[in-house]
Amino acid sequence: GYSFSHHVGNIDISRRLNEQFHLAFGSEFRVETYEIMAGDQASYTGDGAQSFPGTDPKNAILANRYSFGGYLDLAYDVTKNFLLNGTARLEQYSDFGNAFVWKLSSRYKLDEDQVVFRSSVSTGFRAPSLQQINLQGVQTTFTNGTLENQGIFNNNSTQVKQLGGAKLKAERSINFTAGIGFNPIPNFSVTLDYYNIR
């Protein structure tokens with residue numbers, strides 16, 4: 001079988017320093033575990049099970065990852081209607097090293113909040129999941145009158161390395177958004193947003 005567990009602990013603290021400044025900071029610790037468990041011996045030896053045999057012990061795996069991160073967020077009300085906000089986050093992954101991401105955003109209100117303009121630019125980081133890196137298994141297929149075993153080999157396997165497969169890389173992105181919101185009458189609003197993600 002397959003098993004995945006994900007444990008998260010975090011703390012967030014925020015405080016308004018005065019009429020214009022708002023400060024927030026926090027940290028998070030995550031632990032992930034992915035396991036492919038070997039099947040009963042009868043499920044993968046001899047004729048074994050049909051189509052999808054049990055997992056052979058050589059395909060069983062136990063993979064772990066932990067990460068620890070912290071962030072700082074500062075919001076500044078330039079005027080009653082104009083807000084600037086900046087956030088920075090640093091995170092360390094046990095298997096992908098350090099990641100630094102940031103975000104700058106702003107908001108401007110007109111006509112007593114009936115029209116709102118907003119925009120942001122930010123960076124992103126996503127490490128491949130443990131399942132993407134470690135999934136492997138064997139399936140039996142019937143081809144031209146014969147039974148054949150075909151495998152999915154994980155990204156760290158000898159087979160993938162021999163075939164010239166590269167290790168998976170983390171996804172990094174640059175993001176831009178802009179939008180406008182209308183609230184012309186009570187209980188009715190319209191928003192239009194643009195997203196550009198590279």
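The values are calculated or read from the model by the stated rules, or taken from the named source; none is laboratory data. Since we're looking at a predicted model, the values are computed, not measured. No Cβ is skipped: glycine too gets one built from the backbone with ideal geometry, and neighbour counts run over all protein chains shown. When the accessible area is computed, the model is the full protein with side chains, heavy atoms only, and any ligands, DNA or RNA have been set aside. Shrake-Rupley method; radii C 1.70, N 1.55, O 1.52, S 1.80 Å.
When you check Ser5 against the structure, is it surrounded by fewer than 15 Cβ atoms within 10 Å (Cβ to Cβ) and either touching an Asp or Glu at 6+ places or on another chain (Cβ under 9 Å) or without any contact (Cβ under 8 Å) to a residue 40 or more places away in the chain (or both), yes or no? Can you show your working first?
Working: surrounded by fewer than 15 Cβ atoms within 10 Å (Cβ to Cβ): yes; either touching an Asp or Glu at 6+ places or on another chain (Cβ under 9 Å) or without any contact (Cβ under 8 Å) to a residue 40 or more places away in the chain (or both): yes.
Spelling it out, Ser5 is indeed surrounded by fewer than 15 Cβ atoms within 10 Å (Cβ to Cβ) and either touching an Asp or Glu at 6+ places or on another chain (Cβ under 9 Å) or without any contact (Cβ under 8 Å) to a residue 40 or more places away in the chain (or both).
Taken over the stretch 163-181, the residue count meeting the criterion of being farther than 30 Å from Leu104 by Cα and either free of Cβ contacts under 8 Å to residues at least 12 places away in the same chain or part of a strand (DSSP E or B) (or both) is 4. For the stretch 91-118, taking the residues that are outside any strand (DSSP E or B) and acidic (Asp, Glu), the one that is nearest to the chain's Cα centre (by Cα) is identified as Asp95. Only one of Glu112, Glu19 is acidic (Asp, Glu), at positive phi and open to solvent by 80 Å² or more (accessible area, probe 1.4 Å); which? From the options Glu112, Glu19, the qualifying one is Glu112. Restricted to the stretch 116-162, and to residues there that are charged (D, E, K, R) and in contact (Cβ under 8 Å) with a residue 24 or more places away in the chain, the residue that is least open to solvent (accessible area, probe 1.4 Å) is Arg118. Kindly indicate the residue of the stretch 35-64 that is among the charged types (D, E, K, R) and at pLDDT 75 or above and also most open to solvent (accessible area, probe 1.4 Å) among those meeting that condition. If we take residues in the stretch 35-64 being among the charged types (D, E, K, R) and at pLDDT 75 or above, then Lys58 is most open to solvent (accessible area, probe 1.4 Å).
Just one residue in the set Asn59, Asn18 is out of contact with any Lys or Arg (no Cβ under 9 Å at 6 or more places or on another chain), among the polar types (S, T, N, Q) and under 20 Å from Thr140 (Cα atoms); that residue is Asn59. For the stretch 93-103, the criterion of being β-branched (Val, Ile, Thr) and either open to solvent by 40 Å² or more (accessible area, probe 1.4 Å) or free of Cβ contacts under 8 Å to residues at least 12 places away in the same chain (or both) is met by none of the residues.
Hey, could you check the stretch 54-90 for residues that are β-branched (Val, Ile, Thr) and not in a strand (DSSP E or B) and say which is nearest to Tyr2 (Cα to Cα)? Give the derivation first.
To start, the set of residues in the stretch 54-90 that are β-branched (Val, Ile, Thr) comprises 55, 61, 78-79, 87.
Still in the running and not in a strand (DSSP E or B): 55, 78-79.
Values: Thr55: 10, Val78: 52, Thr79: 54 Å.
Across the stretch 54-90, the extreme among qualifying residues is Thr55.
With the structure loaded, tell me whether Ala42 is aliphatic (A, V, I, L, M) and assigned to a helix (DSSP H, G or I) or whether it fails that test. Outline the logic, then answer.
Working: aliphatic (A, V, I, L, M): yes; assigned to a helix (DSSP H, G or I): yes.
Yes: the conditions hold for Ala42.
For the subset of the stretch 182-195 comprising residues that are free of Cβ contacts under 8 Å to residues at least 24 places away in the same chain and open to solvent by less than 70 Å² (accessible area, probe 1.4 Å), which member is nearest to Val115 (Cα to Cα)? By that ranking, first place goes to Val190.
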